[in-house]
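Engineer: Submitted below is the structure of interest, expressed as structure tokens.
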Amino acid sequence: MRELVVLGTASQVPTRHRNHNGYLLRWDDEVILFDPGEGTQRQMLLAGQAVTPLKRICVTHFHGDHSLGLPGILQRVSLDRVPHPVAVHYPAGGQEFYDRLRHATSYWDNAEIVPLPVSAGFAVETSAGRLTALPLRHSIEAYGYRLTEPDSRRMLPALLAQHGISGPAVGDLQRTGRLGGVTLDQVSTVRPGQSFAFVMDTGLCDNVYALADRVDMLVIESTFLAEDAAMAAQVGHLTAGQAAAVARESGVRTLVLTHFSQRYQDPSRFLEEARKEFTGPIVIAEDLLRVPVPPRLLSQG
Ligand SMILES: [Zn+2]
Ligand SMILES: [Zn+2]
């Protein structure tokens, strides 16, 4: 199953209706927590999500609305004795913040927490594909993340049968790409990999587009509305219209807008402004919402 579980959607400060940020990506058995803001531990409880399946945590930057929940989550990982290592990614320049959050209070360390800081050229292979990060344009060092599943090939039983290939021979063909006169291309089709991007606090920059390029799901900050575009540019944030234009220009499939400023009361205004720029599915994130990753595109070739 592949889905995004939204834990919190508020920028800067929580509101009555929005917790600080927090996003759980469930991608088969790779479960990644992005930007745990304050209160994320309880939001996971309310969303029915245990910490045990958690494989990694990705922090975009060390502003409180993206990281104040880290101490609680890490302690919970220990308390629940999560049996596998949990990787934590964060901007390398924020090491002092990580160190403080990692040991904010006293507890028994009963889990293996593996700090893997992010800097230029970061990439790591996960069970879900390649996780990469690119620097964003914000008031402090910040990175956006992207998960890219490689393309693979899907064997077509009817064509295999036509060529009389069955049993262990199928595996041989998959491994070597050829069996006698039959090539892999003749009996299989491309199974396009899926991708996901997570872009938080940033002004518009090339890396926003690079991260978002043709992803199946883009989760992107949409702090402001157009009336506050000048301020957004000044403080390194996006408007709903800008975020949606990125989605259009990058060929995104499903757009998830979040990280809303508490200055606006009516969330439908974000949708209105985004709709002018992007015709695909738009989700205005709310706490505890679950958003499925869209079904895999049909095979090509
Ligand atoms: Zn923020
Ligand atoms: Zn920030």
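The values are calculated or read from the model by the stated rules, or taken from the named source; none is laboratory data. Small disclaimer: the values here were computed from a predicted structure and weren't measured. Every residue, glycine among them, receives a Cβ derived from its backbone with ideal geometry; neighbour counts consider all protein chains shown. Just so you know, the surface numbers come from the protein's heavy atoms only, side chains and all, with ligands and any DNA or RNA stripped out. Shrake-Rupley method; radii C 1.70, N 1.55, O 1.52, S 1.80 Å.
Engineer: Tell me which residues, restricted to the stretch 123-159, are buried (at least 18 other Cβ atoms within 10 Å of the Cβ) and assigned to a loop (DSSP other than H, G, I, E, B).
Structural biologist: The answer is A128, L136, H138, A142, E149.
Engineer: Sticking with this structure for a sec: Name the residue, out of V252, V256, V215, V219, that is under 19 Å from the mean Cα position of the chain (by Cα), under 23 Å from E149 (Cβ atoms), surrounded by 21 or more Cβ atoms within 10 Å (Cβ to Cβ) and within 16 Å of ligand 2 (Cβ to nearest atom).
Structural biologist: None of the other options fit; the residue is V219.
Engineer: Consider G164 carefully, then state whether it is in a loop (DSSP other than H, G, I, E, B), more than 16 Å from ligand 1 (Cβ to nearest atom), free of Cβ contacts under 8 Å to residues at least 12 places away in the same chain and farther than 21 Å from R296 by Cβ.
Structural biologist: Taking the combined requirement at face value, the residue satisfies it.
Engineer: Restricting to the stretch 1-13, count the residues that are within 12 Å of ligand 1 (Cβ to nearest atom), in a loop (DSSP other than H, G, I, E, B) and touching a strand residue (DSSP E or B) at 6+ places or on another chain (Cβ under 7 Å).
Structural biologist: Adding up the residues that qualify gives 2.
Engineer: Take R100 and decide whether it is free of Cβ contacts under 8 Å to residues at least 24 places away in the same chain, farther than 18 Å from V219 by Cα and among the basic types (K, R).
Structural biologist: Here the answer is yes, as R100 does meet what is asked.
Engineer: So, one more: Residues to consider are F97, F62; find the one that is over 14 Å from G22 (Cα atoms), within 16 Å of ligand 2 (Cβ to nearest atom) and buried (at least 16 other Cβ atoms within 10 Å of the Cβ).
Structural biologist: Exactly one residue qualifies, and that residue is F97.
Engineer: How many residues are within 16 Å of ligand 2 (Cβ to nearest atom) and out of contact with any helix residue (DSSP H, G or I) (no Cβ under 6 Å at 6 or more places or on another chain) when one looks only at the stretch 12-39?
Structural biologist: Result for the stretch 12-39: 6.
Engineer: Something else now. Tally the residues that are charged (D, E, K, R), buried (at least 24 other Cβ atoms within 10 Å of the Cβ) and either assigned to a helix (DSSP H, G or I) or away from ligand 2 (no atom under 16 Å from the Cβ) (or both), restricting the search to the stretch 185-212.
Structural biologist: 0
Engineer: Further question: A232 versus (1) aliphatic (A, V, I, L, M); (2) more than 28 Å from P295 (Cα to Cα); (3) open to solvent by less than 60 Å² (accessible area, probe 1.4 Å); (4) away from ligand 1 (no atom under 16 Å from the Cβ): which is the lone unmet condition?
Structural biologist: It is condition (4) that A232 fails.
Engineer: What's the number of the only condition in (1) among the basic types (K, R); (2) over 15 Å from the mean Cα position of the chain (by Cα); (3) at pLDDT 95 or above that R154 fails to meet?
Structural biologist: Here R154 clears every test but (3).
Engineer: For the structure I just gave you, tell me whether A230 is farther than 21 Å from T60 by Cβ and of a type in the set (A, V, I, L, M).
Structural biologist: yes
Engineer: Considering the stretch 65-87 alone, what residues qualify as being more than 16 Å from ligand 2 (Cβ to nearest atom) and under 18 Å from the mean Cα position of the chain (by Cα)?
Structural biologist: Matches in the stretch 65-87: I73, V86, A87.
Engineer: Give me a count of the residues in the stretch 259-301 that are among the charged types (D, E, K, R) and open to solvent by 90 Å² or more (accessible area, probe 1.4 Å).
Structural biologist: The total comes to 6.
Engineer: With part of a loop (DSSP other than H, G, I, E, B), of a type in the set (A, V, I, L, M, F, W, C) and at pLDDT below 95 as the only criterion, which of A111, A104, A120 stands out?
Structural biologist: A120
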